[in-house]
Amino acid sequence: MQSYLKKSGHALSILSFILWIGFICQAYAGTPAAVVSAHRLATAAGYEILDKGGNAFDAAVAVSAALAVVEPYASGLGGGGFWLLHEANVDRNIMIDGREIAPLEASKTMYLDDNNQPVPGKSLNGPLAAGIPGTPAALAYISQRYGRLDLAQSLAPAIRLAREGFRVDHRFAQTLEFHKKKLAKYTDTAKIFLPGGKPPEPGQIFRQSQLAATLSAIARSGSKGFYEGSVAYELIRSVRNSGGIWHEQDLARYRVIERKPMQFRYKNALITSAPLPSAGGLTLVQALNTLKWLNFEESNVFERVHLVVEALRLSYKNRAELLGDSDFVQVPVELLTSKAYAQQQAALINLKRAGVSMPSQPVKNEGKETTHFSILDKDGNRVAATMSINTFFGSGFVAGDTGILLNNEMDDFAMGTDIPNVFGLYGSQANAIAPGKRPLSSMSPTFVENDENILVFGTPGGSRIISMVLLVILDFVNNNQTDPQKLVAGPRFHHQYLPDFIQIEPETFNSDWVEALQYKGHEVRAMQRKWGNMQMILIDKRNRQSLVASDPRGILDIRY
Ligand code: DON
């Protein structure tokens, strides 16, 4: 009798599982596919692959590779990133961690002089600044494990764009012009980006035949096309010739890691975001949990900003003091995500006065380098991915004849507790350099879901990525803002514990706003440029609609 009950219970649970799966597929069936990225040619590559029968994961491979070609200053095969996937048929979220790793020869003090002071630029310029890239491995992995098409099919649009070229858009031309000194430093970089000694003009056709050949090697041989064989040989040769420390073994041992995303509730919304080695999810959960203990909703607009700033201050303090690659160091994730801890944090916040961090430091970088895209396919699979080579044009070093511009992501490690990185972020031993370790990131591809809608989004912006994502979540959940264009275009302010001031976008906030915060003791500084380039899909579950929105801060710059 008991075994009968067990069996029928088993059969019932299988039946309900099938019905449940059916329900999930049903829920999104008929919602039109959508692709949104920072560049129209990369977006077109995504649609092309969906039209060929690829799923969202194939399209993600196509868009990532196309962005490497058309936005080479922001991401590429020489960099890394995080791809947040949602598999609709099993209702599962996965983070593909394709973050760079420190070379085996790397050491804690490699960017310091004899007095333990950082050598200016050493962690940012040239091949010594480059971590072992993860993007090629991630693309091969996503294609093989989650895609429907062959890798070669998904890489075809990017190979075509690299081989046949594309028209230089205004943003690309401006970026080249602005960084031409950096690009002139290494011969193989200059050959590609400064043909004839100067940056290509808007409208000119820009071809990258070497990059096309490297992409083709990956199309033929998968990950091995990059991490082994002639491309790997050329990477090592050129890196070592110019003062880098990569070994064959560094490339051969690189692996992407599938991670469980950070998932938590904020009011009626389920948030799914980046786990370590990105600080994104952990910083978001702390800030949002802290706000739950404060009268956020009942507060007026100025008080709300004060509360958000103070919640950010405390969460970024923990980022600086506690976070790092959890495969190497112990991070108190359970404590930081607990409600009781958030209550203690909230109690530290003075509702009337700004908290204090430490003396202010200058902010060195404001930016749109790095890139994000979002994809939804007709079966409800989705991808939110943020990829980077760190600062504009990464390390500035193209490796030999591979056509690949290497990242300078090593700067995301903490070189010492009192040495800020290019984004002004401080760190602790938890984020110190170690061979094979991943530098702490802020990249935060994110899903936010409530009963009516799902947001699939993310943005570049260095340390400010997390606060941008936070502001969107607050606007969506607390203000019921469901216009994706308004969500991505919203005004941005930021606080990261150190430097101890509120960073605001220029020409965005009026003097009342600034004075109200100054009155509470905050220092408010307008930055030189607006920041971020957010890309979003909003899925309207009831009307089965998908709406896309691209950050005007990015689009406005593109005239071709
Ligand atoms: O991983 C990180 O957090 C940084 N390397 C991302 C860099 C970035 O977003 C640059 N954009 N402004």
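Translational D (Stokes-Einstein, µm²/s) of the range 148-275 at 10 °C and 1.306 mPa s when Rh comes from the Kirkwood sum over C-alpha pairs? Could the numbers behind the result be given before it?
Details: Rh = 17.8 Å.
Calculated translational D: 89 µm²/s.
One Cα centroid belongs to the range 84-139, the other to the range 207-271; the line between them spans 10 Å.
I'd like to know how the range 340-469 sits against the 2.2 N^0.38 Å rule of thumb: what's its Cα Rg over that expected value?
On the way: Rg = 18.4 Å, N = 130, 2.2 N^0.38 = 14.0 Å.
Scaled against compact globular proteins, the figure is 1.31.
Mind scanning K108/K520; K108/K292; K292/K352; K260/K378 and naming the pairs with a C-alpha gap bigger than 28 Å? From the list (K108/K520; K108/K292; K292/K352; K260/K378), the Cα-Cα distance tops 28 Å for K108/K520; K108/K292. The HN-Hα couplings worked out from phi for the range 323-334 by the Karplus form 6.51 cos²θ - 1.76 cosθ + 1.60 (θ = phi - 60°) are 8, x, 5, 6, 7, 10, 10, 7, 10, x, 4, 4 Hz, whole numbers, x standing for Gly and Pro.
So what's the back-of-envelope 222 nm ellipticity for the chain, counting only DSSP H runs of four-plus at -39500 (n - 2.57) apiece and dividing by all residues, rounded to 500?
The per-residue figure over the chain is -12000 deg cm²/dmol.
Sequentially through the range 263-280, phi angles give Karplus couplings (6.51, -1.76, 1.60; θ = phi - 60°) of 10, 7, 9, 10, 6, 8, 10, 9, 9, 10, 9, 7, x, 4, x, 9, 7, x Hz, Gly and Pro residues having no value and appearing as x. Phi angles across the range 408-422 convert, under the Karplus curve 6.51 cos²θ - 1.76 cosθ + 1.60 with θ = phi - 60°, into 3J(HN,Hα) values of 10, 6, 4, 5, 6, 6, 8, 7, x, 5, 10, 10, x, 8, 5 Hz, Gly and Pro given as x.
Across the range 262-416, Cα pairs under 8 Å and at least six residues apart give a relative contact order of 15 percent.
Take each of the peptides 64-72, 164-172, 312-320, 373-381, average the number of other beta-carbon atoms within 10 Å over its residues, and list them starting from the highest.
64-72, 373-381, 312-320, 164-172
Straight Cα distances below 22 angstrom link K198 to the lysines K180, K181, K182, K185, with same-chain residues fewer than 8 positions distant left out. Share of pairwise Cα-Cα distances greater than 37 Å in the chain is 28 percent (whole percent).
Decide, for the range 30-106, between rounded, prolate and oblate: order the square roots of the alpha carbon gyration tensor eigenvalues as a ≥ b ≥ c, take rounded if a/c falls under 1.5, and otherwise choose prolate if a/b is larger than b/c, else oblate.
Numbers: a/c = 2.91, a/b = 1.36, b/c = 2.14.
Note, shape of the range 30-106 comes out oblate.
When a/c reaches 1.5 or more, the comparison of a/b and b/c decides; with that in mind, is the range 412-560 rounded, prolate or oblate per its Cα gyration tensor? Present the calculation step by step, with values, prior to reporting the outcome.
Working: a/c = 1.91, a/b = 1.30, b/c = 1.46.
Oblate is the answer for the range 412-560, as a/c is 1.5 or above yet b/c matches or exceeds a/b.
Using r as the Cβ-Cβ distance of Y519 and T482, and R0 as 22 Å, what FRET efficiency do you calculate, to the nearest 0.05? Kindly include the intermediate steps, with their values, before the conclusion.
Working: r = 33 Å, r/R0 = 1.50.
Efficiency computed from Cβ-Cβ geometry: 0.10.
Close amide H partners of V524, meaning residues 5 or more places away or on another chain with modelled amide H under 5 Å apart, are I502. For a label point 7 angstrom out from the Cα of D540 toward its Cβ, which stretches of the range 34-73 have the backbone nitrogen within less than 16 Å? So the set is 34. Computed over the range 264-321, the P(r) tail beyond 20 angstrom holds 27 percent of alpha carbon pairs.
Between D418 and W293, what FRET efficiency comes out of the Förster formula 1/(1 + (r/R0)^6) with R0 = 30 Å and r the beta carbon distance, rounded to 0.05? Once rounded, the FRET efficiency stands at 0.40. Stretching L348 away from A526 to a fully extended chain increases their span by 61.4 nm, per 0.36 nm per residue minus the current alpha-carbon distance. Highest mean packing comes first when the peptides 110-122, 478-490 are listed by Cβ atoms within 10 Å, giving 478-490, 110-122.
When a/c reaches 1.5 or more, the comparison of a/b and b/c decides; with that in mind, is the range 195-242 rounded, prolate or oblate per its Cα gyration tensor?
Note, shape of the range 195-242 comes out oblate.
Laboratory data are not the source of any read-out in this text; all were calculated from the coordinates shown. Quick caveat, the model's predicted, so the values are computed rather than measured. Note that we place each Cβ from the backbone using ideal geometry, even for glycine, and neighbour counts take in every protein chain shown.
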